[in-house]
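Remarks on the structure that follows.
Every number here is computed from the coordinates shown, using simple stated rules; none is lab data. Nothing here was measured: the structure is a model prediction, and the numbers come from that model. Glycine also receives a Cβ, built like all others from the backbone with ideal geometry; neighbour counts cover every protein chain displayed.
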């Protein structure tokens, strides 16, 4: 192949996006919205039309919806959608991806492969043990949940709480087993999670903290302290890791957590290769830390930055958002914005025993994070204050009757 022919083929290959979840789909859409007219190809490992994940642990799991496909006209936008295409390798020198169906050339590449759930060692293939990450996972689990009278959830994080909520709504007795000494141990401080632990009992779910799973057999979960829990279904929700194993040896630099080490413009260590969403970490000047954000809003916002930089052909836009996520659990709407690592002050707004309350974190007087339970205005106003770096009056922040937007120091 001549150099001229090779360059022509690369030009026609356009932008290839690996991963057809929220980050991948939104990158393709953003490219078109921002005026990119070249070829855009979206590779998805699953055979299903691209879909949204949050409904999987809610409406889809409970049979209130069959799927959660994105309302995107891929054909009308000129986006080439290749489903059931698993990417197994990257040869950067050739600007090609290796897939089970053969090589796929690219001119510009976007990595948007998301994350894969962590499993419990020794439980792979054990009957009755489920993960909840994909549409197929929800489809397999839905009839099991409908038939089971008792479920055990391993992990008291966000997904564990959401599944326990759905199981209780389905009429299952639920036991949540958490190896740490409290719920959400990896996400929030102990004083903040203490009132959240009470939600389990109020919902009729048993919560066992400091309890490690030693094994899972048909019909029971064995704990390290010798206890045995009868069960009809087991759901494992102990976290996720970036889906980047296929990048080994590719030249893409990965961090200790397995995430693609993107720069402030969401570019990787390889020319022409960008990364976005759950698979990528990025440096935040706002927080002075590298962040890995496994939440829906990050997969929605990051693609706009990637698209802008791809269209410009150079780094013109920095990605430094105020991270945001939400969780619906035990009849409560929980929202969080910011990053509380490095905060020096924690302030309560309201009684944590009440249905609605918030927590604010300050650093040098400026709001850096807010957790809102049933107080959506606190979240909305707090997010804007974080973006602006506004220094607040701590006494007014601690008064739940004062709107957050009115707490700026005078």
Residues 282, 70, sorted so that the one with the fewest Cβ neighbours within 10 Å comes first: 70, 282
Per-residue [θ]222 nm for the chain (sum of -39500 (n - 2.57) over DSSP H runs n ≥ 4, rounded to 500): -7000 deg cm²/dmol
Packing rank of 272-280, 337-345, where each peptide gets the mean count of other beta carbons within 10 Å, highest leading: 272-280, 337-345
Virtual spin-label span in nm between residue 118 and residue 394, 7 Å along Cα→Cβ: 3.4 nm
Separation of alpha-carbon centers, the stretch 116-181 and the stretch 193-229, rounded to whole Å: 12 Å
Relative compactness, the stretch 88-133, computed as alpha-carbon Rg over 2.2 N^0.38 Å: 1.73
Label point at residue 144 placed 7 Å out along Cα→Cβ; residues across the stretch 35-56 whose backbone nitrogen lies under 17 Å: 56
Gain on full stretching of the segment that runs from residue 169 to residue 126 - 0.36 nm per residue minus C-alpha separation: 12.9 nm
Rounded to 5, the percent of DSSP beta bridges in the chain classed as antiparallel: 60 percent
Per-pair calculated FRET efficiency, R0 = 25 Å: residue 248 and residue 193 via Cβ, rounded to 0.05: 0.10
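Taking the beta-carbon count within 10 Å as an exposure proxy, list 360, 172 from fewest neighbours to most.
Fewest-to-most ranking of 360, 172: 172, 360.
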Burial order of peptide ranges 160-168, 230-238 (average beta-carbon count within 10 Å, highest first): 160-168, 230-238
DSSP beta bridges in the stretch 252-387 [antiparallel fraction, %, rounded to 5]: 95 percent
The stretch 249-379: C-alpha gyration tensor shape, a/c 1.5 cut-off, then a/b vs b/c: prolate
Nearest-0.05 FRET efficiency for residue 59 and residue 410, computed from C-beta distance (R0 60 Å): 0.85
Kirkwood Rh (inverse of mean 1/r, distinct Cα pairs), the chain, angstrom: 22.8 Å
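Extension gain residue 181-residue 402, at 0.36 nm per residue separation less the Cα-Cα distance, in nm?
Once the chain is fully extended between residue 181 and residue 402, it gains 76.1 nm.
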Sequence of 22, 196 once ranked by neighbouring C-beta atoms within 10 Å, starting from the fewest: 196, 22
Distance (nanometres) between label positions extended 7 Å along Cα→Cβ at residue 348 and residue 212: 3.3 nm
Computed label-point distance, nm, for sites residue 33 and residue 223 using a 7 Å Cα→Cβ extension: 4.7 nm
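Could you tell me what % of all Cα pairs in the stretch 64-214 have separations over 23 Å?
54 percent
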Gyration tensor verdict on the stretch 156-274 (Cα atoms; rounded if a/c is under 1.5, prolate if a/b is larger than b/c, oblate otherwise): prolate
Cα point-scatterer Debye curve for the stretch 333-406, base-10 log of I(q)/I(0) at q = 0.18 Å⁻¹: -0.57
Separation of alpha-carbon centers, the stretch 296-325 and the stretch 346-410, rounded to whole Å: 27 Å
